[in-house]
Amino acid sequence: MLKAEEHQKEKIVDKKQMEDEEKLICQECNSDDVVLDAIRGELICNSCGIIVGSKLIDIGPEWRAFNSEERDRRSRVGSPTTFSVHDKGLSTIIGYENRDSFGSKLSATKRAQVYRLRKWQIRTRVHTSTDRNLAYAMSELDRLASQLGIPRNVKETAAIIYRKAVEKKLVRGRSIEAMIAATVYASARVRRVPRTLDEIAKESRISKKELGRCYRLLLRELYLNIPPASPVEYLVRFGTELKLSGACQRKAAEILKQAKETGLTAGKDPTGLAAAAIYVAAILTGERRTQREIAEVAHVTEVTVRNRYKELVRELNVKIAI
């Protein structure tokens, strides 16, 4: 009888303790300012410092992530959504391995069945004209991004711009390759990872004139806020291709900063200014490069490099040792 009463009392105490933990109220000072220490697995009262609860179970993942990209990569719930896939990565894909979950080969009957499932899955995945357009455009975007070596954020921004163009029916009657190239150029300008029109036109197999026409269409119809290109943004890429030191690149950046303060950069092609600044900095730091080498890397003519070079030397009073 006594044991039954004690057991009943223990049940009442446990129930009361569970209710207190659910309310998160300190039993010592009746404060509701209770915080969770996830590392120790304890509930601590901020007012009096007493441990309200301990040995809590961590229901989160056992791995740690320090940024969103690492968190998406380690997550076990499938790949993250992306705008660079026509269905945003939400559909499933039936592989071509023809093996079951244990790694064993499928029988002939099962292979035929999986083949039919795979065929109809592909057909239902792309079933409208918009899906077919996006599927082809995103594959072209993948190819172009790989050829140009642009980062993922530029690629995602280009995909978003192209989807907006599709919604406004700007793609109808125009080349998909030209529109994708224009979105890549606009995205690179927005993300401050500039690529020249000549570079993109060369890799996209369209003319520079057609690329410029589509780019102006996007600016006009989508009201894109494109920041003006700065010649400093080209220095690192040009300097790396020319195998120049960091000191030379910093010197070129200083020259461009002085040129901007004096108003020399207004109305000038940023690639030409960057090429001229690199030419001057290479001479001053003893890492001389010819005008032809710099012009080929910057995709400008030698005349442009020479004219911008003369302007910088004259206006900034740079003394060049011949």
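Scanning region 230-272 for residues that are surrounded by fewer than 16 Cβ atoms within 10 Å (Cβ to Cβ), in contact (Cβ under 8 Å) with a residue 12 or more places away in the chain and of a type in the set (A, V, I, L, M) yields Val236, Ala247. Arg163 fulfils the conditions (1) closer than 20 Å to Arg205 by Cα; (2) in contact with a Phe, Trp or Tyr (Cβ under 8 Å, 6 or more places away or on another chain) except for a single criterion, (1). Being surrounded by 14 or more Cβ atoms within 10 Å (Cβ to Cβ) and either at pLDDT below 75 or touching a His at 6+ places or on another chain (Cβ under 7 Å) (or both) is the filter here, so list the residues in region 110-130 that pass it. Scanning region 110-130 gives Arg125, Val126. In the set (1) within 21 Å of the chain's Cα centre (by Cα); (2) closer than 27 Å to Glu69 by Cβ, the condition left unmet by Arg125 is number (1). Screening Ser107, Ser79, Ser84 for residues that are loosely packed, with under 12 Cβ neighbours inside 10 Å, small (Gly, Ala, Ser) and at pLDDT 75 or above leaves exactly one candidate, Ser107.
Residues in region 26-39 that are closer than 28 Å to Arg64 by Cβ and free of Cβ contacts under 8 Å to residues at least 12 places away in the same chain were compared, and the one that is surrounded by the fewest Cβ atoms within 10 Å (Cβ to Cβ) is Ile39.
Can we say Val154 is in contact with a helix residue (DSSP H, G or I) (Cβ under 8 Å, 6 or more places away or on another chain), at pLDDT below 85 and within 30 Å of Arg205 (Cα to Cα)? Talk me through it step by step, then tell me what you get.
Values: in contact with a helix residue (DSSP H, G or I) (Cβ under 8 Å, 6 or more places away or on another chain): yes; at pLDDT below 85: no; within 30 Å of Arg205 (Cα to Cα): yes.
Answer is no for this residue.
The values are calculated or read from the model by the stated rules, or taken from the named source; none is laboratory data. What you are looking at is a predicted structure, and each value in this text was computed from that prediction instead of being measured. Backbone-built Cβ (ideal geometry, glycine too); neighbour counts: all protein chains shown.
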